[in-house]
1. Roughly how far apart, in whole Å, are the Cα centres of the stretch 254-298 and the stretch 469-513?
2. Enter the per residue convex hull volume of the stretch 197-320, computed from alpha-carbon coordinates, in Å³ rounded to the nearest integer.
3. Could you state the angle between the C-alpha long axis of helix 448-459 and the longest principal axis of the C-alpha atoms of the chain, as a value from 0 to 90 degrees rounded to the nearest 10?
4. Scan the chain and report its longest stretch carrying no chymotrypsin sites (Phe, Trp or Tyr not before Pro) that are both in a DSSP loop and have at most 15 other Cβ atoms within 10 Å.
5. Just in the stretch 468-501: which GluC sites (Glu not before Pro) are loop by DSSP and have at most 13 other Cβ atoms within 10 Å?
6. Per q in 0.20, 0.21, 0.26, 0.29 1/Å, what log10 I(q)/I(0) does a Debye calculation on the alpha-carbon atoms of the stretch 445-498 return?
7. Using a basic spin-label model with each label point 7 Å from the Cα along Cα→Cβ, how many nm lie between Leu33 and Met277?
8. Taking only the Cα atoms of the stretch 1-80, how large is their convex hull per residue, in Å³?
Amino acid sequence: MKTFLFYDLETTGLNPAFDQILTFACIRTDLKLNEIDRQTITVQLRRDIVPSPRAFLTHGLTHEQLALGITEYEAALKIHRIFNTPDTISLGYNSLGFDDAFLRFTFYRNLLDPYTHQYGHGCYRMDILPIAVIYRVFHPQGLNWPVVDEKSSLKLELIARENNFVTSGRAHEAMNDVEAVIGLAQKFFEHRAIWEYSLDFFNKTRDEVRIKNIPPELHVQGRSFSVCIMMSSSFGSLANFMAPVVHIGQSLAYKNQSLWLRLDSEDILGLDEDLDMEQTFVIRKRPGDALIVLPPLERFWTRMPESMQKLTSDNMAKLQENPEKFFKFMDYHLAFKYPFIPEMDPDAALYQDGFFSTQEKRESRDFHRAIKPLVSRPSGHNLMSPEVLESDVLKNDLSNRDILSQIKSPRIRTLAGRILFRNFRVGNLDAGKSGGINLEGQTGPGNDSEYQLHLNRLRSSREDDGIIGYKNDIKLNQKNGLDELKAVEQEMEHPNPDQIKMLAWLKTYIENL
């Protein structure tokens, strides 16, 4: 039976490769939005994470609450099973723009397939935020829409308040937000024709077919292009969340990406400024993602501001007048490849290193089986209790077999080592402590020295010690965290007692990383 899995996450920050999930909440419903079950998972704060003060002041999770949680590895196993339940349609509010990336990186660094929940066993993903855009623009009378500073707002918290959705907690609490999303979906469900039409945007096959059936309207030197309307919350309320676009083709390097040029640009193709191709921009869309494409029908087109419609017409003429520049622009972006980042941290290498090979999947399964005694401990026993740590099976699987040295793939060995060191008190990082499992004899990627270096770099203020991510960004380190904390303290004029307590804990925690 097909089911919806409404979910929400609270995290240590905004970086999906380097931050971690702290709470996961979900409610499973049937396709008529009747609740089937619900659950919440709380996750311990990893020791290689510098928590973002802004994030913690937003969700308000305390160290006492997190201390009662389970390890990230255990949480990843549970969440992966939930999402990969056959015929699950997973969805949230801006889930394709935020939460789903956190899931992919969480699964990846815990040696679980990061993509099967998107396509396997009848599963796929949706997002309620793009559907909210459709209703806001084309059926606004269905809800009370909040307005902030004379601009329409799509913030879930404000929509829930304006429409008196019944929830059990406060805003930015995971389960509360899940309940609010279901309340919003139920309002949309009352207008079934729009609801059913919107669902097909997240079906990859139907989304592609809809786009292919849009007839071309722009003709440049014998070549024809489809002009469409793209809908996204990112375009903003002043544009009525719309942008006129022209489909310039499919990426040659990334087969699942179609490329689009906005036609409402004040300087189309950078013609006025004579920009280099590297300074120009395209929209990259994947089938079934959060970018909704509509045909340029009059009933849709006239919803755009008149100034945007005129600018689009002018820009289409410019493309026809400058075919050489237009085709050069197309050729550059169609052939574009993301730059290789040689010093990227293993946690962030999901996209650059690609899918797990058959051998890597087998080695990951062997690793999960070998450390299962750490997770499948007797009920009521602490994860690192003497009963578990001294069990013969654990000694055999971890100490005697040198589990990491059995792994041939360098990246699987590195990620497996980090799983052990992050979650299970192993290696020289805990030498001399009760309950440590010594993997001192193991060498190469994934050993405890590699992970100790990772921790040392988090504490370092040297620029060349920065831990590099997939966007060539830097993982939040101790200095960054304290700088952000100081900025937050200066911004807050009248912090309440809970905020004062939170900031004091964060300061102590980050200083003693």
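The values are calculated or read from the model by the stated rules, or taken from the named source; none is laboratory data. Being a predicted model, the structure only gives us computed values, none of them experimental. Ideal geometry is used to build each Cβ from the backbone, glycine not excepted, and the neighbour counts take in all protein chains shown. Heads up: the accessible areas ignore ligands, DNA and RNA and are worked out on the full protein's heavy atoms, side chains in. Shrake-Rupley method; radii C 1.70, N 1.55, O 1.52, S 1.80 Å.
1. Cα centres, the stretch 254-298 to the stretch 469-513: 37 Å.
2. Numbers: hull volume 15.0 nm³, N = 124.
In the stretch 197-320, the Cα hull volume divided by residue count equals 121 Å³.
3. Orientation of helix 448-459: about 60 degrees from the principal axis.
4. On the way: sites that count: Tyr115, Tyr254, Phe281, Phe340, Phe355.
In short, 356-513.
5. Taking the stretch 468-501 and a limit of 13 other Cβ atoms within 10 Å, the loop GluC sites (Glu not before Pro) found are Glu493.
6. Debye curve over Cα of the stretch 445-498, log10 I(q)/I(0) at q = 0.20, 0.21, 0.26, 0.29 Å⁻¹: -0.79, -0.83, -1.02, -1.12.
7. 4.7
8. Details: hull volume 8.9 nm³, N = 80.
Value for the stretch 1-80: 112 Å³ per residue.
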